[in-house]
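Q: Before we start, here is the structure in question, set down as structure tokens.
The values are calculated or read from the model by the stated rules, or taken from the named source; none is laboratory data. Everything numeric in this text was worked out from a predicted model, so none of it was measured. Neighbour counts are summed over all protein chains in view; Cβ atoms, including those assigned to glycine, are modelled from backbone coordinates with ideal geometry. Note: areas computed on protein heavy atoms with side chains; ligands, DNA, RNA excluded. Shrake-Rupley method; radii C 1.70, N 1.55, O 1.52, S 1.80 Å.
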Amino acid sequence: MTQTMTATRADAPFDEELQTRSDRPVPGDVQQQLASRIWNGAPVILTEGGSRVAIRTDEESAAYVGVDIVCGERAAAPESGHAARAVVELSRALGGVTMRALLGAEFSPDPRGAVTVFEIPFGESAGLGAVTGCGSELGPPLVAGLPSDFAAAALDGLAGDTGVAALAAGLLRVDRAGFDEVGSSEMAFKLAGRLLRCVVDALLRGRDPYNAVRAAVGAW
């Protein structure tokens, strides 16, 4: 039987959790180390109020193949990058509805490039009755894939704007996605895109992705 372990940071200015599948309590002095365990396969979950975010390296059940693609590019940072992969899942209670979205991407560096390219494949418009075979850390299973309804919003969140720190030169390509037929929306995927960019940026800069997500969610 799967059990959930919760550790609350004593210095947290808001309600937050670190969770991972385990049957042992987490000492307070290793909570920061727990955040990095996602890169060893264990998910980390942050909770603030009605918002919950799960970060993990991969979710194979969210793999999908799109019928079309949206893309964009931004000027790259001068620092060189390295390969990285991450998956972010969002659940946010807002106005009586729980927004849900899952996005995952792989970054492939281009040492000779001058731009960061963002690619998001997408499928047909969302419908009803699809198979919910995409694993979730925050609720019932999702539908794997990214409907055309949410592709532009996901790109908007992932590519950011001129006020966002540049990523290293390379390709950031989304290849994991999951949606809820009732709770998913353009806003949900825009926020998920922003969070995924925060995680990837932290990985490329050698920083803690947990802290990056914590700062982003705390600003909502």
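Q: So what's the net charge close to A165: Lys and Arg +1, Asp and Glu -1, counting the other residues with Cβ under 9 Å from its Cβ?
A: Working: positive: R205; negative: D201.
So the surrounding residues net to 0.
Q: If you plug each phi of the range 125-141 into the Karplus form 6.51 cos²θ - 1.76 cosθ + 1.60 with θ = phi - 60°, what whole-Hz ³J(HN,Hα) values come out, in order, with x for Gly and Pro?
A: 4, 5, x, 10, x, 6, 6, 9, x, 9, x, 10, 9, 10, x, x, x
Q: Follow-up question, since we're still on this one. Give the accessible surface of the range 29-188 per residue, rounded to a whole number of Å², with probe radius 1.4 Å and ligands, DNA and RNA excluded.
A: Details: 7200 Å² over 160 residues.
So the range 29-188 comes to 45 Å² accessible per residue, rounded to a whole number.
Q: Now for a separate question. How many angstrom separate the Cα center of the range 44-63 from the Cα center of the range 138-213?
A: Here the answer is 11 Å between Cα centres.
Q: Give me the accessible area of M187, 1.4 Å probe, in Å² rounded to the nearest 10.
A: M187 has an accessible surface of roughly 100 Å² with all protein chains in place.
Q: Taking the Cβ-Cβ separation of S125 and L94 as r and a Förster radius of 25 Å, what is the calculated FRET efficiency to the nearest 0.05? Working shown, then result.
A: Values: r = 23 Å, r/R0 = 0.92.
The value I calculate is 0.60.
Q: Could you work out how much longer the chain between R205 and S80 gets when fully extended? Use 0.36 nm per residue separation minus the Cα distance between them, nm to one decimal. Could the numbers behind the result be given before it?
A: Working: separation 125, 0.36 × 125 = 45.00 nm, distance 0.96 nm.
So the extension gain works out to 44.0 nm.
Q: How much solvent-accessible surface does E137 expose, in Å² to the nearest 10, with a 1.4 Å probe and all protein chains in place?
A: 40 Å²
Q: Provide the FRET efficiency to the nearest 0.05 for the W220-S108 pair, computing r from the beta carbons and using R0 = 30 Å. Numbers along the way, then the final one.
A: On the way: r = 30 Å, r/R0 = 1.00.
Step by step, r from the Cβ atoms, then E = 0.50.
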